[in-house]
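The numbers here are math on the coordinates, done by the rules we state, and not lab data. Keep in mind that this is a model prediction, so the values were computed, not measured. Cβ atoms come from the backbone with ideal geometry, glycine included; neighbour counts cover every protein chain shown.
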Amino acid sequence: MSDPLRDPTRSWLRLLDDELPPRLIDFEEPNVLVWSSLWSKRPDARVRFDLAPDGAAGTLLRWTLLVEEPLPDPSLLGHLRKRLNELINANLRYTFGQ
């Protein structure tokens, strides 16, 4: 996640025409990563990833979309959330066979 493009065999970050590759802008190893915005129309948007052990051999992942005010209108906010859901909860997971 710190570099979503580093492994070409797990190509999951399939961006749309209006999206940009994220940059790692903050981290607190090993639990927190923060990406820059994927959207030029909302350069203030950030994606925070919180990672924690699940008590077995896995990891719990929570992502949070952070934006500054003014908040996006409901349509744009829904689009941003849907895209993150597709990229992380679908594309990334599928590369691990889940």
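So what's the angle, to the nearest 10 degrees on a 0 to 90 scale, between helix 74-84 and the longest Cα principal axis of the chain?
That helix lies at roughly 30 degrees to the long axis.
PRE reach from GLU68 (point 7 Å along Cα→Cβ): which of the stretch 12-53 fall under 13 Å by backbone N?
37, 42-46
With Cα Rg over 2.2 N^0.38 Å as the read-out, I listed (1) 1.10; (2) 1.29; (3) 1.05; which label goes with the value calculated from this structure?
(1)
I'd like the Karplus ³J(HN,Hα) series for the stretch 16-26: coefficients 6.51, -1.76, 1.60, θ = phi - 60°, whole numbers in Hz, and an x wherever there's a Gly or Pro.
Those phi angles translate into 7, 4, 9, 10, 10, x, x, 10, 6, 10, 7 Hz.
Starting with the highest mean, order 38-51, 19-32 by the number of other Cβ atoms within 10 Å, averaged over the residues of each peptide.
Going from most to least packed, we get 38-51, 19-32.
With charges only on Cβ, +1 for K and R and -1 for D and E, what is the dipole size of the chain about its Cα centre, in debye, rounded to 20?
Rounded to the nearest 20 debye, it is 300 debye.
Output wanted: per-residue J couplings in Hz (rounded whole) for the stretch 42-51, from phi through Karplus 6.51 cos²θ - 1.76 cosθ + 1.60, θ = phi - 60°, x for Gly and Pro.
For the stretch 42-51, the Karplus-derived couplings read 9, x, 7, 5, 10, 10, 9, 10, 10, 10 Hz, x marking Gly and Pro.
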